[in-house]
Amino acid sequence: AEEVAAQVAPDSGRGIEFLAADWPGLSERERSMAATLERSWSLLSQREQGILAGLSVFRGGFAAEAAEAVAGATLRDLARLMDRSLIYRRESGRYDLHDLLREYASLKLRASPDRGEGARERLADCLSRCLGRWEKDLYSPRMFGILAEIEPELANLIACWQWALAGGHAGWLA
């Protein structure tokens with residue numbers, strides 16, 4: 001399992017194309033994970049494709065409010081993507097994508113005209129507003145509650161920090 005994970009990791013250079021089978025009797029869309037995901041993608045409306053691509057910027061899940069701010073997803077949109085098994089909802093109430101689907105949707109996002117910068121900027125703005133709100137109460141009697149709010153967003157904060165460093169987004173870093 002670790003070898004497969006290493007092969008499909010985003011920095012491996014191989015991606016999901018590695019996951020393929022040549023068994024006789026398989027239809028073309030069942031021969032590879034990429035073909036299966038492409039078929040699922042083709043069944044989505046253009047709006048749903050844009051939302052799913054936008055959601056790929058999240059790491060560690062997201063709240064419905066963040067999905068709306070970053071990808072324009074309404075609760076109805078999230079429910080439809082859940083009905084299609086493209087996203088799932090954790091017990092905590094946060095939504096998430098499977099890592100392979102996130103990688104596929106991320107490829108689609110990078111193929112968009114702005115290469116996904118708009119979604120990343122909206123995520124950074126959303127997290128920046130959260131950080132501002134948390135900062136006010138971090139050293140108050142609400143400290144433990146604030147830390148509990150921050151913890152689920154750590155992966156998103158780290159991803160935004162890396163994006164900001166790589167792209168020279170000094171305003172967000174400040």
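The values are calculated or read from the model by the stated rules, or taken from the named source; none is laboratory data. Everything quoted here is computed from the prediction, not taken from an experiment. Cβ coordinates were reconstructed from backbone atoms using ideal geometry, including for glycine residues, and neighbour counts include every protein chain displayed. Side chains included, ligands, DNA and RNA excluded: accessible areas come from the protein's heavy atoms. Shrake-Rupley method; radii C 1.70, N 1.55, O 1.52, S 1.80 Å.
One table, with the values for the structure above:
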read-out: Protein accessible area in the stretch 95-168, 1.4 Å probe - carbon and sulfur %; value: 60
read-out: Phi-based couplings in Hz for the stretch 73-82 (Karplus 6.51, -1.76, 1.60; Gly and Pro marked x); value: 7, 8, 4, 5, 4, 4, 4, 5, 5, 5
read-out: Amide hydrogen neighbours beyond the local backbone of Ser32, cut-off 5 Å, H modeled; value: Ala21
read-out: Most to least accessible of Ser42, Ser112, Ser56, Ser92 (protein chains only, probe 1.4 Å); value: Ser92, Ser42, Ser112, Ser56
read-out: Per residue accessible area in Å² of the stretch 49-174, where ligands, DNA and RNA are left out and the probe is 1.4 Å; value: 56
read-out: Cβ-derived FRET efficiency at R0 22 Å, Glu38 paired with Ala79, nearest 0.05; value: 0.40
read-out: Vicinal HN-Hα couplings computed from phi for the stretch 91-107 (Karplus, 6.51 cos²θ - 1.76 cosθ + 1.60; Hz; Gly/Pro x); value: 4, 5, x, 7, 9, 7, 10, 5, 4, 5, 5, 4, 4, 5, 5, 5, 4
read-out: For the stretch 158-174 versus the stretch 70-128, the gap between their alpha-carbon centres in whole angstrom; value: 19
